[in-house]
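The values are calculated or read from the model by the stated rules, or taken from the named source; none is laboratory data. What you see is a predicted model, and the numbers here were worked out from it, not measured in a lab. Glycine also receives a Cβ, built like all others from the backbone with ideal geometry; neighbour counts cover every protein chain displayed. Ligands, DNA and RNA are excluded from the accessible area calculation, which covers all protein heavy atoms including side chains. Shrake-Rupley method; radii C 1.70, N 1.55, O 1.52, S 1.80 Å.
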Amino acid sequence: MIKNTSFLFPPVIPSLPIEGQSACFPVGRIWCVGRNYAEHSREMGSDPERNPPFFFTKPADSISTLSVLPFPLQTQKLHYEVELVVALAAGGTNLTPEESRGLIYGYAVGLDMTRRDMQEEAKKNRHPWSLSKGFDNACPISAIRPASEVEDLEQSLITLKINGDVRQSGRISDMIWSIPEIISALSHSVTVRAGDLIMTGTPAGVGQVNPHDVMEANCDNVGNITVTYQ
């Protein structure tokens with residue numbers, strides 16, 4: 001890491017608002033957990049047994065807090081996935097689940113958007129599918145609520161509505177891997193750090209969103225966002 005130096009141009013630090021505070025949360029990396037709800041795992045053609053969780057990433061600058069966004073390039077099949085987002089205030093390596101619990105700063109609700117047609121083509125050709133997940137505005141996220149202000153998270157209901165109709169619904173307790181277990185598993189592959197966001201998986205009901213559809217994502221006791229791609 002370079003310190004005490006000048007830069008060719010000013011660095012931009014992606015950040016999210018913190019509920020009730022003037023300070024912002026600086027976002028370092030976004031880690032996403034695949035298929036962490038049994039019914040979603042089944043709808044994607046996988047076995048929902050407790051296999052080790054797998055991870056993929058999104059660029060930190062794919063986050064957005066805007067309610068109206070341009071429809072993504074190069075897709076006719078944009079899919080939504082509502083997820084609980086965990087924000088870390090500290091890090092470590094080879095952590096136990098109990099140690100991992102102490103790293104959590106707060107929670108938000110987010111949307112893991114996917115250019116599914118691009119992903120399907122990449123998988124068919126055995127190519128990386130990073131661009132299907134890591135495009136501009138691919139990760140709308142609410143303000144972060146500090147963990148000390150979130151009550152009864154395990155029983156919180158997480159939902160997504162499209163034009164007022166419920167498309168996804170599940171409880172945080174439905175996760176195959178708990179939040180501390182997810183952080184612990186990730187820390188055995190990389191050193192997790194302050195500023196990391198972890199998207200913890202999505203309930204069943206993933207589907208397509210079209211231009212001008214209104215998406216309403218909510219997690220009880222955590223937050224909500226409304227997003228339209230135009």
Hey, among the residues in the range 71-85 that are part of a loop (DSSP other than H, G, I, E, B) and open to solvent by 20 Å² or more (accessible area, probe 1.4 Å), which one's farthest from ASP213 (Cα to Cα)? GLN74
For the range 189-230, how many residues meet the condition of being part of a loop (DSSP other than H, G, I, E, B) and of a type in the set (A, V, I, L, M)? 6
Answer yes or no: is there a residue in the range 209-228 that is open to solvent by 10 Å² or more (accessible area, probe 1.4 Å), under 17 Å from GLY102 (Cβ atoms), at pLDDT 95 or above and aliphatic (A, V, I, L, M). no
Say whether the condition of being open to solvent by 10 Å² or more (accessible area, probe 1.4 Å), part of a loop (DSSP other than H, G, I, E, B), of a type outside the set (Lys, Arg) and at pLDDT 95 or above is met by at least one residue in the range 180-188. yes
Among the residues that make up the range 197-205, is at least one of them of a type outside the set (Gly, Ala, Ser), modelled with pLDDT under 95 and either closer than 27 Å to ALA23 by Cα or under 16 Å from the mean Cα position of the chain (by Cα) (or both)? yes
Residues (under 25 Å from ASN224 (Cβ atoms) and at pLDDT below 75) located in the range 40-66: HIS40, GLU43
Within the range 115-171, how many residues turn out to be of a type in the set (A, V, I, L, M), within 24 Å of ILE104 (Cβ to Cβ) and assigned to a strand (DSSP E or B)? 5
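Table: residues versus (1) buried (at least 21 other Cβ atoms within 10 Å of the Cβ); (2) within 14 Å of the chain's Cα centre (by Cα).
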site: ALA87; (1), (2): yes, yes
site: ASP112; (1), (2): yes, yes
site: GLU121; (1), (2): no, no
site: ARG126; (1), (2): no, no
site: SER132; (1), (2): yes, no
site: ALA138; (1), (2): yes, yes
For ALA143, indicate whether it is closer than 23 Å to PRO59 by Cβ, surrounded by fewer than 21 Cβ atoms within 10 Å (Cβ to Cβ) and modelled with pLDDT of 95 or more. yes
